[in-house]
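The values are calculated or read from the model by the stated rules, or taken from the named source; none is laboratory data. Here the structure is a predicted model, which is why all the values come from computation and not from measurement. Glycine gets a Cβ as well: all are built from the backbone with ideal geometry, and neighbour counts include every protein chain shown. Heads up: the accessible areas ignore ligands, DNA and RNA and are worked out on the full protein's heavy atoms, side chains in. Shrake-Rupley method; radii C 1.70, N 1.55, O 1.52, S 1.80 Å.
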Amino acid sequence: MPDTERSALLDTLLGYIRHELVADPDLAEITPTTPLLAWGILDSIRTARLLAHLRDELGVLVPATHLTGGHFKDVESIADLVLSLRQPS
């Protein structure tokens, strides 16, 4: 995968999370390695919204088997998941 594709995806995901999911303006400066679950940025409702965004805007349907803390611990993990699901089988 080209680094530019991963970088663009990280930017897209960070933008969505910062503007649509983060209620606390002090958390708007999250980074690709900010622990989203540990900091409470992702909860069940926000994760559902993120999954809808991944499906509707990025064309990636995340299977239930991939709904684990490891895949959603930070933006880098989410980007890796999206990229792996985009790869042809």
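Please report the carbon-and-sulfur percent of the accessible area for the chain; probe 1.4 Å, protein heavy atoms only, DNA, RNA and ligands left out. List each step's numbers first, then the result.
Working: 2780 of 5240 Å².
C and S atoms contribute 53 percent here.
Please report the net charge: other residues with Cβ closer than 15 Å to the Cβ of residue 87, K and R +1, D and E -1. Could you put the intermediate results ahead of the total?
On the way: positive: 6, 86; negative: 5, 80.
Once positives and negatives cancel, what remains is 0.
From the helices alone, meaning DSSP H stretches of at least four residues, give me the mean residue ellipticity at 222 nm for the chain, per-run term -39500 (n - 2.57), in deg cm²/dmol to the nearest 500. Could the numbers behind the result be given before it?
On the way: 4 runs with 45 residues, N = 89.
So the calculated ellipticity at 222 nm is -15500 deg cm²/dmol.
Please get the size of the charge dipole for the chain, origin at its Cα centre, with Cβ charges of +1 on Lys and Arg and -1 on Asp and Glu, quoted in debye to the nearest 20.
Values: 7 positive and 13 negative charges, 65 e Å.
The calculation lands at about 320 debye.
Among rounded, prolate and oblate, which fits the stretch 49-89 when a ≥ b ≥ c are the square roots of the eigenvalues of its C-alpha gyration tensor, a/c under 1.5 means rounded, and a/b larger than b/c means prolate? Please report the intermediate quantities before stating the final value.
Working: a/c = 1.41, a/b = 1.15, b/c = 1.23.
Rounded.
Would you work out which of 65, 25, 77 lies farthest towards the positive end of the dipole of the chain, given +1 charges on the beta-carbon of Lys and Arg and -1 on that of Asp and Glu, about the Cα centre?
Result: 65.
For Cα pairs less than 8 Å apart in space and 6+ apart in sequence, what is the mean separation divided by the residue count of the chain, i.e. the relative contact order in percent? Please report the intermediate quantities before stating the final value.
Numbers: 64 pairs, mean separation 29.5, N = 89.
So the answer I get is 33 percent.
Starting from the exponent 0.38 and prefactor 2.2 Å, build the expected Rg for the chain from its residue count and divide its actual Cα Rg by it.
1.01
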